[in-house]
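**Q** Structure in structure tokens, see below.
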Amino acid sequence: MNGLRVLVVEDEPSTRAELAGQLAELPSVGEVVCAAGGDEAVRLLGSGSFDAAFLDIAMPGLTGMDVARILKRLSDPPGIVFVTAYDNHAVEAFGLGAADYLLKPFRPERLAEAVARLGRRSGPVVGDKADDLAVVQVELAGRTVFVRRDDIAYAEAHGDYVRLHSVQGSHLLRQSLTYLEQVWDAAGFVRAHRSFLINLAAVTELRVTSTAGLVAVTEPGEVPVSRRHSRLLRERLLQAARDGGAR
């Protein structure tokens with residue numbers, strides 16, 4: 001069978017069925033095998049290898065962390081994604097080499113993103129999309145200026161353009177924010193708001209203000225964070241902190 005062979009380990013029946021069902025609908029997933037707990041998951045390891053394991057953390061008997069430690073000792077360990085209602089295990093999870101950390105309840109598109117991240121880790125490298133526009137070329141007063149992507153703190157939608165903000169100043173680039181989000185995702189840029197894309201490495205803190213609500217603080221300025229995008233931004237900041245990508 002083509003596609004990823006995925007192990008779902010979740011002790012709550014309805015959540016297990018929902019997660020397995022959503023995974024089965026993804027085109028990159030071939031077979032989904034379910035376990036009602038860590039002990040059953042370990043027994044299922046004898047049924048063949050898995051490409052990915054989606055693990056709840058708080059379970060009777062062996063916890064998700066216990067299962068992850070067992071999986072990491074295999075000669076060909078699967079990619080691991082933790083699925084939990086609590087964010088206080090994130091540091092330990094990424095310390096075990098987790099590819100992603102999903103907070104319940106999660107959106108289907110967030111699950112699809114986790115599966116895509118697993119594919120990027122385990123699949124053959126076709127091309128490094130993060131290298132697209134690693135240096136952008138902008139026109140400024142009749143001259144051409146080259147701006148390094150890594151120097152950009154955030155990008156702001158500006159009509160048919162985006163405005164790139166860095167410590168050195170800002171520049172207009174004739175490009176869509178949606179395209180930048182796609183090609184810069186692997187480089188650590190995340191949508192914070194429908195009009196803003198932010199570099200995780202540039203975020204120094206998240207702050208709640210009386211006027212703008214939740215904002216991400218960067219050296220060039222504050223970026224509004226919408227309720228829709230706040231969960232993903234927090235999760236990616238946790239991962240960046242684990243990987244050493246955030247200051």
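The values are calculated or read from the model by the stated rules, or taken from the named source; none is laboratory data. No experiment lies behind these values; they were computed from the predicted model shown. Cβ placement follows ideal geometry from the backbone for every residue including glycine, while neighbour counts extend to all protein chains displayed. The protein model used for the area step is the full one, side chains on, heavy atoms only, and it has no ligands, DNA or RNA in it. Shrake-Rupley method; radii C 1.70, N 1.55, O 1.52, S 1.80 Å.
**Q** Report the Cα-based extents of the range 58-111 along its three principal axes, largest first, to the nearest Å.
**A** The principal-axis extents, from largest down, are 32, 24, 18 Å.
**Q** Taking the Cα centre of each part, how many Å lie between the range 136-209 and the range 34-90?
**A** 38 Å
**Q** Follow-up. About the Cα centre of the range 150-214, what is the dipole size in debye to 20, counting +1 per Lys and Arg Cβ and -1 per Asp and Glu Cβ, all else neutral? Present the calculation step by step, with values, prior to reporting the outcome.
**A** Details: 5 positive and 7 negative charges, 40 e Å.
Here the range 150-214 has a charge dipole of around 200 debye.
**Q** Please report the relative contact order for the range 164-247, taking Cα pairs under 8 Å with a sequence separation of at least 6, and give it as a percent rounded to a whole number.
**A** 26 percent
**Q** Measure off 7 Å from each Cα along the Cα-to-Cβ vector at Glu205 and Arg148, then give the distance between these two points in nanometres to one decimal.
**A** 2.7 nm
**Q** Could you pull out every residue, at least 5 positions away or on a different chain, whose amide H is within less than 5 Å of the one on Val8? Hs are placed 1.01 Å off N in the peptide plane, and Pro or chain starts have none.
**A** Sorted by chain and number, the residues that satisfy this are Val33, Cys34, Ala35, Phe54.
**Q** Under 10 Å, Cα contacts only: if you run a Gaussian network model on the chain, which one of Glu40, Glu235, Glu139 comes out with the highest mean-square fluctuation?
**A** Residue with maximal mean-square fluctuation among Glu40, Glu235, Glu139: Glu139.
**Q** In nm, give the distance between the simple-model label positions of Glu12 and Glu222, each being 7 Å from the Cα along the Cα-to-Cβ direction.
**A** 3.4 nm
**Q** Taking 0.36 nm per residue of sequence separation and subtracting the Cα-Cα distance, how much length would be gained by fully extending the chain between Arg231 and Ala85, in nm to one decimal? Don't skip to the answer; put the middle values down first.
**A** On the way: separation 146, 0.36 × 146 = 52.56 nm, distance 1.21 nm.
51.4 nm is the gain from fully extending Arg231 to Ala85.
**Q** Which value, in debye to the nearest 20, gives the size of the charge dipole of the chain about its Cα centre, when Lys and Arg are +1 and Asp and Glu are -1 at the Cβ? The partial results should precede the final answer.
**A** On the way: 28 positive and 32 negative charges, 90 e Å.
Dipole size: approximately 420 debye.
**Q** At 20 °C and a viscosity of 1.002 mPa s, what translational diffusion coefficient does Stokes-Einstein give for the chain, taking Rh as the Kirkwood radius over Cα pairs? Give it in µm²/s as a whole number. Provide the component values of the computation, followed by the final result.
**A** On the way: Rh = 19.5 Å.
Taking Rh from Cα pairs, D becomes 110 µm²/s.
**Q** Report, by chain and number, residues whose modeled amide H sits under 5 Å from the one on Leu62, excluding near sequence neighbours (fewer than 5 apart, same chain).
**A** Result for Leu62 returns Gly38, Asp39.
**Q** Calculate for the chain the 222 nm mean residue ellipticity that helices alone would give, adding -39,500 (n - 2.57) per DSSP H run of length 4 or more and normalising by residue count, nearest 500 deg cm²/dmol. Intermediate results must be reported in sequence, preceding the final value.
**A** Numbers: 7 runs with 74 residues, N = 247.
Helix-only estimate at 222 nm: -9000 deg cm²/dmol.
**Q** Strictly greater than 17 Å: what percent of every Cα pair in the range 183-247 meets that? Working shown, then result.
**A** Details: 668 of 2080 pairs.
Roughly 32 percent, once rounded to a whole number.
**Q** In Å², and per residue, what accessible area does the chain have when probed at 1.4 Å with the other protein chains present? Provide the component values of the computation, followed by the final result.
**A** Numbers: 12600 Å² over 247 residues.
Counting only protein heavy atoms, the per-residue value for the chain is 51 Å².
**Q** Could you please report the charge total around Gly48, scoring K, R as +1 and D, E as -1 over all other residues with beta-carbon less than 12 angstrom from its beta-carbon?
**A** Numbers: positive: Arg5; negative: Glu31, Asp51, Asp76.
Net charge in that neighbourhood comes out at -2.
**Q** Follow-up. With the Cα gyration tensor of the range 22-105 in hand, give its eigenvalues times 5 under a square root as the equivalent ellipsoid semi-axes, listed largest first in whole angstrom. Each step should come with its number before you reach the end.
**A** Numbers: eigenvalues 66, 50, 34 Å².
Semi-axes, largest first: 18, 16, 13 Å.
**Q** Of Ala186, Leu172, Ile198, which is farthest along the charge dipole of the range 130-247 in the positive direction, counting Lys and Arg as +1 and Asp and Glu as -1 at C-beta?
**A** The Cα lying farthest towards the positive end belongs to Ile198.
**Q** So what is the relative contact order for the chain, in percent, with contacts set as C-alpha pairs under 8 Å and at least six apart? The partial results should precede the final answer.
**A** Values: 435 pairs, mean separation 27.9, N = 247.
In percent, rounded to a whole number, it is 11.
**Q** Can you give me the % of accessible surface on the chain that is carbon or sulfur? Probe 1.4 Å, all protein chains present, nothing else counted. Walk me through the numbers before you get to the answer.
**A** On the way: 6330 of 12600 Å².
So the carbon and sulfur contribution to the accessible surface is 50 percent.
**Q** So between Ser176 and Glu92, what do we pick up on full extension, going 0.36 nm a residue minus the alpha carbon distance? Don't skip to the answer; put the middle values down first.
**A** On the way: separation 84, 0.36 × 84 = 30.24 nm, distance 3.69 nm.
Between Ser176 and Glu92, full extension yields 26.5 nm more.
**Q** Let me ask something else. Report the gain in length on full extension from Arg43 to His158: 0.36 nm times residue separation, minus Cα-Cα distance, nm rounded to one decimal.
**A** On the way: separation 115, 0.36 × 115 = 41.40 nm, distance 5.48 nm.
Computed gain between Arg43 and His158 is 35.9 nm.
**Q** Which percent, nearest 5, of DSSP beta bridges in the chain are antiparallel? Please report the intermediate quantities before stating the final value.
**A** Details: 32 of 50 bridges.
In the chain, approximately 65 percent of DSSP beta bridges are antiparallel ones.
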